[in-house]
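Undergrad: Structure in structure tokens, see below.
The values are calculated or read from the model by the stated rules, or taken from the named source; none is laboratory data. None of these values were measured; they are calculated from a predicted model. Note: ideal-geometry Cβ built from the backbone for every residue, glycine included; neighbour counts use all protein chains shown.
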Amino acid sequence: MKNFLFGLLISAMAIASSAVAADKAQQPLSRIQKEVRHELVMLPYYSVFDDLSFEVQGNTVVLMGKVTRPTLKDDAGRAVKNIEGVERVDNRIEVLPLSSNDDQIRLQAYRRIYGTPELNRYGMQSVPPIHIIVENGNITLTGVVANQMDKTLAYTKAREVSGSFNVTNNLQVEGK
């Protein structure tokens, strides 16, 4: 019986120490994720027409998304590279092609979505959560909204934009 209890105690201690080690390993990752997110949101030219995302893989940050300005891609890479604990940045951000037609579609989509009384509250945030990505006449909505009705309404409004070919709704509903 003593051997059984002793073995149980040793097992419990091993599990507890591995849980503490896992928790310590998780903390720096969580800190890096928070700092990367903060740095990206604070970029001066990051707008509703850009979409930035990232993954943290150990000490490497992989930047993804699509932006309207090449300088924003460079600024994002530079900002993330300066975060303590980040050793490498894999910048996979795509720069959208210059197009006056796409610019017109962006503006129309913005007005339709954020000009809708049910959705205009999203436009009052410093970085509005509904991002409108237009590439070669195709609209993609990304970001987070409060409920399914807002997601559907944003998609419906984007479909009303003349000159666009297709609308992809990648909006996420908060908490799902």
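Undergrad: Please go through region 113-144 and pick out each residue that is of a type in the set (D, E, K, R) and touching a Ser or Thr at 6+ places or on another chain (Cβ under 9 Å).
TA: Across region 113-144, the qualifying residue is only GLU135.
Undergrad: Just one of ASN91, ASN101 is out of contact with any helix residue (DSSP H, G or I) (no Cβ under 8 Å at 6 or more places or on another chain), polar (S, T, N, Q) and modelled with pLDDT of 95 or more; which is it?
TA: So the residue among ASN91, ASN101 that is out of contact with any helix residue (DSSP H, G or I) (no Cβ under 8 Å at 6 or more places or on another chain), polar (S, T, N, Q) and modelled with pLDDT of 95 or more is ASN101.
Undergrad: Out of ASP75, ASP150, ASP90, which single residue is touching a residue at least 24 places away in the same chain (Cβ under 8 Å), assigned to a helix (DSSP H, G or I) and within 27 Å of GLU39 (Cβ to Cβ)?
TA: Criteria check complete, one pass: ASP75.
Undergrad: Still on this structure, please answer the following. Filter region 104-143 for residues that are of a type in the set (A, V, I, L, M) and at pLDDT below 95; which is nearest to VAL48 (Cα to Cα)?
TA: VAL127
Undergrad: Further question: Pick out the one residue from ASN101, ASN91, ASN136, ASN166 that is under 28 Å from GLY58 (Cβ atoms) and among the polar types (S, T, N, Q).
TA: ASN91
Undergrad: So GLY85 ticks every box in (1) within 18 Å of PHE49 (Cβ to Cβ); (2) part of a loop (DSSP other than H, G, I, E, B); (3) in contact (Cβ under 8 Å) with a residue 40 or more places away in the chain; (4) not hydrophobic (A, V, I, L, M, F, W, C) but one. Which box is left unticked?
TA: GLY85 satisfies all of (1) within 18 Å of PHE49 (Cβ to Cβ); (2) part of a loop (DSSP other than H, G, I, E, B); (3) in contact (Cβ under 8 Å) with a residue 40 or more places away in the chain; (4) not hydrophobic (A, V, I, L, M, F, W, C) except (1).
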